[in-house]
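To start, the structure under review is shown below, and the notes come after it.
Read-outs: derived from the displayed coordinates by stated rules, not from any lab. Everything numeric in this text was worked out from a predicted model, so none of it was measured. Every residue, glycine among them, receives a Cβ derived from its backbone with ideal geometry; neighbour counts consider all protein chains shown.
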């Protein structure tokens, strides 16, 4: 029996309710033996990573909730400080982990509490799961998510088709993680008009992607694998070729003169 999280990034609207719920549950509250109080500043056991991608005017914003500490590699690295749980959740015992700064230094999403001299991270709200009288029998981040972007349950009962992990040992699965895009606006300089219906093709090691320019001359090639592409724009017997690399970042190409 193993519990896990499933996050559908496509559903996330960037409201930060999961992050706020986590802070509300753990800041100023001590849930021993599971967790000491989370500091108000500097720690985010559940954190929404907001990323602005592309370049004006072709910009997208991605919101990716990140739950730190739910990684079985922590238990493998320091089994002596982790609670033994039938549900498989990783819970760092605050009493046993005293002085173990090395855990916070080694694992992303695990924070060092300088005042208490302990590493801290998400516990999966184990105190709520284990309390038969709790009105909420699920992690607060899940309960707070009003769009069901974050789900929690038995790993073998979650719909994991198409889902992936950020690391092999993580207990957090993701659907629809942001992929790279190439976007632009095609226009003809002679009459300063946009080109409608031009065929745009990106070909590279990551595959071939196609689209057409819309009524504003815009095109968006979404869901690209990282890599370099040859982008061709074809319309009325004319063709323009561009070399575009989205290995490190998305490409907002702006206005593209088609002559």
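For residue 136 and residue 168, a Förster radius of 41 Å and the Cβ-Cβ distance give a FRET efficiency of 0.85, rounded to the nearest 0.05. Stretching the chain fully between residue 232 and residue 210 yields a gain of 7.0 nm (0.36 nm per residue, less the alpha carbon separation). Convex hull volume of the Cα atoms of segment 52-174, normalised per residue: 165 Å³.
Under conditions of 10 °C and 1.306 mPa s, segment 180-257 yields 128 µm² s⁻¹ as its translational diffusion coefficient, taking Rh as the Kirkwood radius over Cα pairs in the Stokes-Einstein equation. Extension gain for residue 61 to residue 257 (0.36 nm times residue separation, less C-alpha to C-alpha distance): 67.9 nm. For the chain, the longest principal axis of the C-alpha atoms and the axis of helix 17-26 are separated by about 20°. Sort segment 32-87 into rounded, prolate or oblate with this rule: let a ≥ b ≥ c be the square roots of the eigenvalues of the Cα gyration tensor; rounded if a/c is under 1.5, and if a/c is not under 1.5, prolate when a/b is larger than b/c, oblate otherwise. Judged from the Cα gyration tensor, segment 32-87 comes out prolate (a/c at least 1.5, a/b above b/c). Computed per residue of the chain from DSSP H runs no shorter than four, each worth -39500 (n - 2.57), the mean residue ellipticity at 222 nm is -3000 deg cm²/dmol.
For the chain, the relative contact order comes to 21 percent (Cα pairs under 8 Å, sequence separation of at least 6). Using R0 = 25 Å, the C-beta based FRET efficiency linking residue 73 and residue 2 works out to 0.95.
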